[in-house]
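Trainee: Starting off with a structure, shown below.
The values are calculated or read from the model by the stated rules, or taken from the named source; none is laboratory data. The structure presented is a predicted model; accordingly, all values stated were derived computationally and were not measured. FYI the Cβ positions are ideal-geometry reconstructions off the backbone, even for glycines, and counts take in every protein chain you see. For accessibility, only protein heavy atoms count, side chains too; no ligands or nucleic acids. Shrake-Rupley method; radii C 1.70, N 1.55, O 1.52, S 1.80 Å.
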Amino acid sequence: MHPGQTRTHIDANHAFISPESYLPSPLPGWENAQVIILISPQMGARFTQYIALMGERSVAGSPLVGVERFAYVLEGEVKFSINEKEHQLGVGQYAYIPPDTEHSFASEASSRVMLFERSYLPIEGVEAPGYVVGDERDQPSEANEGDPDAQLKRLLPMNDAFDWEINMFTFQPGATLPLVEVHVMEHGLVMLEGQGIYRLDEHWYPIQKGDVVWMGPYCPQWFAAIGKTPSSYLYYKDVRRDPLAEFNLL
Ligand code: UGY
Ligand code: MN
């Protein structure tokens, strides 16, 4: 692609962000690592989604106070430590860390990790969740709306302690979302495999592995998988909270 062109497009209530416009930057607390902030409150989102580029003797910084974190390994291996336990996480493995919970990520060689973070929204009488370590391959898969060619995996437990879902969708070529969804929940998405067409508002974007999408509240959205191999994406969704909860904190 000509260096004066990009497929990236930032709109009022959605963003399509493709790798040719990624620009790494430092972040406090991260050692021998850089991050690419893809989705942020600066564009109107209520969460952040970013890639950490880790290298030799690389160490992650901590989230801000009250912020929960989900980390998914895209490339390489990282050592995750929490509660005096160590877990070696490779591609497709992940960790959820509740707010204000001491932990560390360290890398000895080149690795890339996708992170999602947001201010945790507690519910009175419901205890905050514990940490989770998992592997995408171990999670049960279900046919989305009865379509066996659109398989959905939920990577986190489904209960009210969690104020978000991180899910993985895998579509066979030709499979689609069954409708143009319009909903209050936001999404942050990274395409992990394959390609397709993503409708966002009145735009239709050719999408492929490595592309990232932000869908704001009520952003009309639809996906169709194309090509000769399955397409899959990992995505964030805020759930199980009263829409007024974020505006009712005083
Ligand atoms: O969970 C969802 O809302 C999902 N069906 N949306 C999407 O893939 N854009
Ligand atoms: Mn949706």
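Trainee: Pop out the ³J(HN,Hα) list for the range 115-132 in order, Karplus 6.51 cos²θ - 1.76 cosθ + 1.60 with θ = phi - 60°, rounded to Hz; leave Gly and Pro as x.
Mentor: With the stated coefficients, the range 115-132 comes to 10, 10, 9, 7, 5, 5, 9, x, 10, 4, x, 10, 5, 4, x, x, 6, 9 Hz.
Trainee: For TYR205, which sequence-distant residues (separation of 5 or more, or a different chain) have an amide H within less than 5 Å of its own amide H, given hydrogens modelled in the peptide plane?
Mentor: Correct list: TYR198, ARG199, LEU200.
Trainee: Here's something else I'd like to know. Please calculate the 1.4 Å probe accessible area of ARG137, with all protein chains present, and give it to the nearest 10 Å².
Mentor: Ignoring ligands and nucleic acids, ARG137 comes out at about 140 Å².
Trainee: What does the net charge come to around TRP214 if you take all other residues with beta carbon closer than 10 Å to its beta carbon, with K and R at +1 and D and E at -1?
Mentor: On the way: positive: none; negative: ASP11, GLU186.
It works out to a net charge of -2.
Trainee: Over the range 139-246, what is the relative contact order in percent, taking alpha-carbon pairs closer than 8 angstrom and at least six residues apart? It would help to have the intermediate numbers written out before the result.
Mentor: Values: 259 pairs, mean separation 34.0, N = 108.
For the range 139-246, the relative contact order is 32 percent.
Trainee: Right, another one. What do you get for Rg/Rh over the chain if you use C-alpha atoms and the Kirkwood form of Rh? Intermediate results must be reported in sequence, preceding the final value.
Mentor: Values: Rg = 17.7 Å, Rh = 18.7 Å.
Taking Rg over the Kirkwood Rh, I get 0.94.
Trainee: Report, to the nearest whole %, how much of the accessible area of the chain belongs to carbon and sulfur atoms, 1.4 Å probe, protein only. Each step should come with its number before you reach the end.
Mentor: Values: 6540 of 12300 Å².
The computed percentage sits at 53.
Trainee: Something else about it: Skip the ligands, DNA and RNA, and give the accessible area per residue of the chain with a 1.4 Å probe, whole Å².
Mentor: Values: 12300 Å² over 250 residues.
Ligands and nucleic acids excluded, the figure is 49 Å² per residue.
Trainee: Could you tell me the distance between the Cα centroids of the range 187-237 and the range 72-104, to the nearest Å?
Mentor: 26 Å
Trainee: OK, next. Under the Karplus relation 6.51 cos²θ - 1.76 cosθ + 1.60, θ = phi - 60°, what is the ordered set of whole-Hz ³J(HN,Hα) values for the range 9-22, x standing for Gly and Pro?
Mentor: Result, ordered by residue: 9, 9, 10, 5, 10, 7, 9, 10, 10, 10, x, 5, 10, 5 Hz.
Trainee: In what sequence, largest accessible area first, do GLU181, GLU20 appear using a 1.4 Å probe?
Mentor: Details: GLU181 45, GLU20 85 Å².
Listed by decreasing accessible area, they come as GLU20, GLU181.
Trainee: Excluding ligands and nucleic acids, what accessible area in Å² is computed for TRP222 using a 1.4 Å probe, to the nearest 10?
Mentor: For TRP222, the solvent-accessible surface is approximately 70 Å².
Trainee: Given just the C-alpha atoms of the range 148-250, how large is their convex hull per residue in cubic angstrom?
Mentor: Expressed per residue, the convex hull around the Cα atoms of the range 148-250 is 106 Å³.
Trainee: Compare ASP149, ASP201 by solvent-accessible area with a 1.4 Å probe and give them largest first, with all protein chains kept in place. Working shown, then result.
Mentor: Values: ASP149 75, ASP201 40 Å².
Result of the area sort, largest leading: ASP149, ASP201.
Trainee: How would ASP242, ASP147, ASP135 rank on accessible area, largest to smallest, probe 1.4 Å?
Mentor: Numbers: ASP242 100, ASP147 45, ASP135 25 Å².
The ordering from most to least exposed comes out as ASP242, ASP147, ASP135.
Trainee: Tell me, what ³J(HN,Hα) does each residue in the range 213-223 have, in order and in whole Hz, if you take phi through Karplus 6.51 cos²θ - 1.76 cosθ + 1.60 with θ = phi - 60° and put x for Gly and Pro?
Mentor: Going residue by residue, I get 10, 9, 10, x, x, 6, 6, x, 9, 7, 9 Hz, with x marking Gly and Pro.
Trainee: Using amide H atoms built 1.01 Å from N in the peptide plane, name the residues 5+ places from GLN34, or on other chains, whose amide H lies under 5 Å from its own.
Mentor: Excluding prolines and chain starts, which carry no amide H, the hits are LEU53.
Trainee: Find how many whole Å separate the alpha carbon centroid of the range 13-44 from the alpha carbon centroid of the range 131-159.
Mentor: The distance from the Cα centre of the range 131-159 to that of the range 13-44 comes to 27 Å.
Trainee: List the residues, sorted by chain then number, that are 5 or more residues from HIS183 or on another chain and whose placed amide H is less than 5 Å from its amide H.
Mentor: Close amide H contacts, sequence-distant or interchain: TYR218, CYS219.
Trainee: Taking the Cβ of LEU200 as the center, what net charge do the other residues with Cβ under 14 Å away carry, scoring Lys and Arg +1 and Asp and Glu -1? It would help to have the intermediate numbers written out before the result.
Mentor: On the way: positive: ARG7, ARG199; negative: ASP11, GLU181, GLU186, ASP201, GLU202, ASP211.
Charge balance in the 14 Å sphere: -4.
Trainee: Compute, for ILE10, the solvent-accessible surface of its heavy atoms (probe 1.4 Å) with the complete set of protein chains present, and express it in square angstrom to the nearest 10.
Mentor: Probe radius 1.4 Å; accessible area of ILE10 about 100 Å².
Trainee: A further question on this structure: Rounded to the nearest 20 Debye, what is the dipole magnitude of the chain about its Cα centre when Lys and Arg each give +1 and Asp and Glu each give -1 at the C-beta?
Mentor: Values: 17 positive and 34 negative charges, 110 e Å.
That gives a dipole near 520 debye.
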